[in-house]
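J.: One structure, as structure tokens, below. Some questions next.
Derivation of every value follows stated rules applied to the coordinates shown; laboratory data play no part. Not measured: the values here are computed from a predicted model. When we count neighbours, we look across all protein chains shown, and the Cβ atoms used for this are built from the backbone with ideal geometry, even at glycine.
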Amino acid sequence: MHLPLIMKATLMTTVQAPTVWIYGGVHHVPGTRQRFLEELTKEETAPHFVAVEWEQSVFERLAAWRPWIAEGLRRRWDFLTGEDCHELSLALAWEGDAYAECFPGTDVLWLESGLQEAELTRRYDTGASTFPESCAHGLLQRLYCRPTVTAARPEPRSKQELIDRMSRDMWHEASLSTPSSVERDARWASAICERSRGLRDGWIAVVVGWEHADPQGGNQRLRGHLAERGFCVNSACLRP
């Protein structure tokens with residue numbers, strides 16, 4: 001039985017590829033995690049999946065250091081509760097599981113699957129195994145807000161002051177860093193397209209560094225690749 005032309009037209013206009021929301025942030029920043037959760041609360045339905053800028057095994061080793069960070073914060077700041085310390089520790093590799101506070105059980109696409117372990121081993125003489133420890137120590141030192149000769153500032157007096165100071169500093173540093181290679185953007189776009197095959201309507205969440213989501217980043221960045229492949233793409237900057 002042939003569908004009437006008007007019905008075919010209606011189907012073509014109502015069934016479409018999922019909308020993509022790219023959330024652009026900075027690694028290991030409590031304020032960025034906070035902003036991400038604020039953005040997710042605007043959505044009424046769970047995404048089809050969340051694509052994140054980690055390999056699962058690397059993320060899991062990073063997350064294992066979170067209790068150590070929380071314990072260090074308890075010793076450093078008397079204005080933090082145990083719950084505050086736990087929340088701040090979740091900034092380490094926050095992209096890998098923050099979404100679960102709003103949409104538990106959502107599928108994850110690990111964009112660096114099968115590649116990040118090898119890349120870390122290549123880049124660091126000590127191998128990929130020491131990378132999580134290095135990240136954890138770096139995050140804790142930043143949360144300690146140690147004064148320096150060039151930047152002596154009053155100590156924070158609340159959790160939010162601590163979050164705001166660290167977030168501003170790290171976003172500023174990220175803005176001064178050399179842009180990364182665009183090779184990963186093309187690979188990530190292919191992985192997202194493959195995972196999206198057969199999906200209709202709804203939306204997809206992608207959590208990566210802001211340079212990959214920035215509308216000013218050009219067609220070689222992730223946002224540009226996905227737009228060229230027919231997705232409706234929106235970018236949310238998680239800058240505090």
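J.: Taking the DSSP beta bridges in the stretch 14-237 as the whole, what percent of them are antiparallel, to the nearest 5?
T.: Antiparallel bridges: around 0 percent, rounded to the nearest 5.
J.: Could you work out how far apart the two model spin labels at Ala118 and Cys232 are, taking each label as a point 7 Å from the Cα in the direction of the beta carbon, and quote it in nm?
T.: That separation, rounded to one decimal, is 3.8 nm.
J.: What residues of the stretch 197-240 lie in the reach of a label at Gln160, counting those whose backbone N is under 20 Å from a point 7 Å from the Cα along Cα→Cβ?
T.: Residues 238-240 qualify, since their backbone N sits under 20 Å from the label point.
J.: Further, regarding this structure: Report the relative contact order of the chain, percent, no decimals, based on alpha-carbon pairs under 8 angstrom and at least 6 residues apart.
T.: Dividing the mean separation by the residue count of the chain yields 41 percent.
J.: First select every other residue whose beta carbon is under 9 angstrom from the beta carbon of Ser235; then total the charges, Lys and Arg +1, Asp and Glu -1.
T.: Here the charged neighbours net out to 0.
J.: With a/c under 1.5 counting as rounded, go ahead and sort the stretch 153-201 into rounded, prolate or oblate using the C-alpha gyration tensor (a ≥ b ≥ c being the square roots of the eigenvalues; past the cut-off, prolate if a/b is larger than b/c, else oblate).
T.: oblate
J.: Given the rule -39500 (n - 2.57) for each run of at least 4 DSSP H residues, summed and divided by the residues of the chain, what is its mean residue ellipticity at 222 nm, to the nearest 500 deg cm²/dmol?
T.: Mean residue ellipticity at 222 nm (helix-derived): -14000 deg cm²/dmol.
J.: With angles folded into 0 to 90 degrees, how steeply does helix 66-76 sit against the dominant principal axis of the chain? Use alpha carbons for both and round to 10.
T.: It works out to around 40 degrees.
J.: Using the Cα centre of the chain as origin and beta-carbon charges of +1 (Lys, Arg) and -1 (Asp, Glu), tell me which of Phe49, His172, Ala191 is placed farthest towards the positive end of the dipole.
T.: The listed residue farthest towards the positive side: His172.
J.: Let me check I've understood the local charge: for Leu40, count other residues with C-beta under 12 angstrom from its C-beta, Lys and Arg +1, Asp and Glu -1. What total comes out?
T.: Charge balance in the 12 Å sphere: -2.
J.: Something else: Report the calculated FRET efficiency for Thr130 and Thr81 (r = Cβ-Cβ distance, R0 = 25 Å), to the nearest 0.05.
T.: 0.20
J.: Compute for the chain: radius of gyration divided by Kirkwood radius, i.e. Rg/Rh, restricted to C-alpha atoms, rounded to two decimals.
T.: Here the Rg-to-Rh quotient is 1.03.
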